Amino acid sequence: MNKITIFLITFFFLTIFQSAMAIETPDYTVKMSHNNYEIRSYPSMLVAEVTVMGDRDQASTRGFRKLAAFIFGDNISSESISMTSPVSQRKVSEKIAMTSPVLQKQKEKGQWIVNFMMPGKYNKQSLPVPMDGDIRIIETEPYSTVSIRFSGSASKRNLKEHQNKLDEFLSSRKIDITGEPEYAFYDAPFVPPMFRRNEIHYRILESLN
């Protein structure tokens, strides 16, 4: 490998990292850190979200396309909204009322909520209104999570492996959680898997202070 090739590869990765650093991300506070695990506190934030059908990969693609169209100008102001990171998604639980208890049933294909955080300069009044009626603009309540951070692709195998690790951590620490796991992907597909930032979160039942 000659010097020119090394320079071009280095320049390519520096460009990727500089671009990633320029993208706004959630301003959370780390309450506890252990290896790749963190307990975090998130403030209220404005998000655009959409519910889509399919398996996780299909839902991710469909949800991203709808939200990307919105921020690229498919809104009543035709205004471009800065991209943020990560793209997050979670499965919608199908609750089936029985005698006791209430069961949660998961299917390979189902409903998923995909969302983007909106840039901090906007509030609910100033954010352009989506043309797509499926997109909801929501101001979240503050919440806490237990999270694991890892690299690699967003393959089913990689996600399952790290979700199992997070489940083991939860069991060992006896942390009470609520809802389905949330998947967060920070990087564009052209970023090599070894440099990607992925996360899995569970909402904590009671905020830890």
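Residue-wise test of (1) over 28 Å from I177 (Cα atoms); (2) touching a strand residue (DSSP E or B) at 6+ places or on another chain (Cβ under 9 Å); (3) β-branched (V, I, T); (4) at pLDDT 95 or above.
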residue: Y42; (1), (2), (3), (4): no, yes, no, yes
residue: V47; (1), (2), (3), (4): no, yes, yes, yes
residue: D57; (1), (2), (3), (4): no, no, no, no
residue: I76; (1), (2), (3), (4): yes, yes, yes, yes
residue: S82; (1), (2), (3), (4): yes, yes, no, no
residue: V92; (1), (2), (3), (4): no, yes, yes, no
residue: I96; (1), (2), (3), (4): no, yes, yes, no
residue: T99; (1), (2), (3), (4): no, no, yes, no
residue: Q104; (1), (2), (3), (4): no, yes, no, no
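Would you check if there is a residue in segment 107-115 being out of contact with any Asp or Glu (no Cβ under 8 Å at 6 or more places or on another chain), part of a strand (DSSP E or B) and at pLDDT below 90?
Taking every residue of segment 107-115 in turn, none turns out to be out of contact with any Asp or Glu (no Cβ under 8 Å at 6 or more places or on another chain), part of a strand (DSSP E or B) and at pLDDT below 90.
I'm checking my understanding of the structure. Among residues of segment 165-188 that are within 17 Å of S155 (Cβ to Cβ) and of a type outside the set (D, E, K, R), which one is surrounded by the fewest Cβ atoms within 10 Å (Cβ to Cβ)?
That would be A188.
Of everything in segment 80-94 that's of a type in the set (A, V, I, L, M) and surrounded by 19 or more Cβ atoms within 10 Å (Cβ to Cβ), which residue is nearest to P128 (Cα to Cα)?
So in segment 80-94, the residues of a type in the set (A, V, I, L, M) come out as 81, 83, 87, 92.
Right, trim to surrounded by 19 or more Cβ atoms within 10 Å (Cβ to Cβ) and you get 81, 87.
Values: I81: 9, V87: 19 Å.
Looking at the filtered set, the residue picked out is I81.
The values are calculated or read from the model by the stated rules, or taken from the named source; none is laboratory data. Remember, predicted model here, so these are calculated numbers, not experimental data. Cβ atoms come from the backbone with ideal geometry, glycine included; neighbour counts cover every protein chain shown.
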